[in-house]
1. Work the Kirkwood hydrodynamic radius out for the chain: mean of 1/r over every pair of different alpha-carbon atoms, inverted, in Å.
2. Write out the cysteines belonging to the chain for which the nearest other cysteine Cβ is not under 4.7 Å, or none if no such cysteine exists.
3. Sorted by accessible area (1.4 Å probe), largest first, how do His61, His56 line up?
4. Net charge around Leu51, counting only other residues with Cβ within less than 10 Å of its Cβ (Lys, Arg = +1; Asp, Glu = -1)?
5. For Arg244, Arg52, write out the residues from largest to smallest accessible area, computed with a 1.4 angstrom probe and no ligands counted.
6. As I understand it, the value is the acute angle between the Cα axis of helix 141-162 and the longest principal axis of the Cα atoms of the chain; what does it come to in degrees, rounded to 10?
7. Within segment 202-227, list the residues whose amide N lies under 20 Å from a label point set 7 Å along Cα→Cβ of Ala389.
8. Number of Lys-Lys pairs in the chain under 19 Å by Cα, sequence gap 8 or more or different chains?
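The values are calculated or read from the model by the stated rules, or taken from the named source; none is laboratory data. These figures come from a predicted structure and were not determined experimentally. As a convention, Cβ positions derive from the backbone with ideal geometry for all residues, glycine included, and neighbour counts pool all protein chains shown. To get the accessible areas, we keep the full protein, side chains included, count just its heavy atoms, and leave off ligands, DNA and RNA. Shrake-Rupley method; radii C 1.70, N 1.55, O 1.52, S 1.80 Å.
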Amino acid sequence: MAANPRIANPTRSAFTRSERDDTVIVSIGPSHPATHGTIQIYAELDGERILRADVHCGYLHRGFEKECESHTWHNLIPYVDRLNYCSALINDFAYCDTVERLMGVEITPRTKYLRTLLSEYSRLADHLTCIAATLMELGAMTAFLYLVMIRDYVYEHIADLTGARVTQSYGRIGGLARDIPNGWLGRLAQILDQYEEFMGRVHGLVDRNRIFIDRMRNVGVLTTAQALDYGYTGPMLRSTGAPRDLRKDTPYLAYAELDFEVPVGIKGDNYDRYYVRAREMDESVHMIRQLMDMLPDGPLNVDDRRCSFPDKPLVYGEIESLINHFKLVMDGPRVPAGEIYHAHESPNGELGFYLVSTGEGVPYKVHCRAPSFVHMGGAHKMLEGYQLADLVPTFGSINMIGGECDR
């Protein structure tokens, strides 16, 4: 055997030869400081201009969907968390909502409002992360530090409730893991006030900054027709001017009772994607304040032994509850045979779950419609024709999450 045999690249570019003699093909990634997460971009360059681009994702090798088929309906929740680590609670709630619809379970009013509140809180954290990272890559370090400070306040506050900063595993089929602790809503009100103060400073720093506008306006442009053709949703689609939002179009949880607007852009460029996310954060804060006033008292979990765990004192003192707890842990909830697709509006767009049950405690099929995976299909359209340096802010404005891209 030859020493140090050459290992072939496992990916193949859509183009291997230059169109002209004076152009060059470069490979960026899959581990490159210019990209968020592991992704490989083949680009044909004419000087500093990108003529063609071919985007490859799928380097995490999680096998998320297949792994879910080996765990009970309850035990796969931690895997769902890791689809998007910036807003894991929304993943939890979308999955649990889909299973509950298949089981015919109606959650309690307190859980409905609390899930809605936490979904908007997670959206705030996700957009803060995306905008902060984009600004950092453009050199706006002060704005980055302002936003990351607020984002960390949110993470620590969520950890007070769930016990974890990032992958919380807080959702339960038929309810939630635990209720909010004393004083939690008071701290929430303080963080929202701090958000408004520091976001105001960020708007003052970048919104009319000539360097920021030159790097963002008319760069990475996507038309509404192109966005629809590639199946885009969320801020990517709304930045082109299309007011498509599942919270308005097909309301779920408590969204039908809330007063909020759907911000849209005008050109579908990098600046519009920044602007839409910034405005959505303001709308999320507006909704959270409404929900803090609407949050009712009452039980958190449904009284349904098919999915809810009995209280611990009953498990320790009553044989029926002990057996019920044992069967839910070992065999999982028995979900009626059938199939269903249901979606929530995640920070990046439509996050949907297609589930198939054969009536057992383990799913027969789990498929996730993850927005980042869909957005990668048309990413080359936002890179071709622009400068190589524009690749960094454009890719940052897409907000690709690697966990959503792997099947």
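1. Value: 22.6 Å, from the Cα pair sum.
2. Cysteines lacking a close Cβ partner in the chain: Cys68, Cys86, Cys96, Cys130, Cys307, Cys368.
3. Order by accessible area, largest first: His61, His56.
4. After counting each charged neighbour, the total is -1.
5. So, going from the largest accessible area down, we get Arg244, Arg52.
6. Between the helix axis and the principal axis of the chain, the angle is about 20 degrees.
7. 206-221
8. 4
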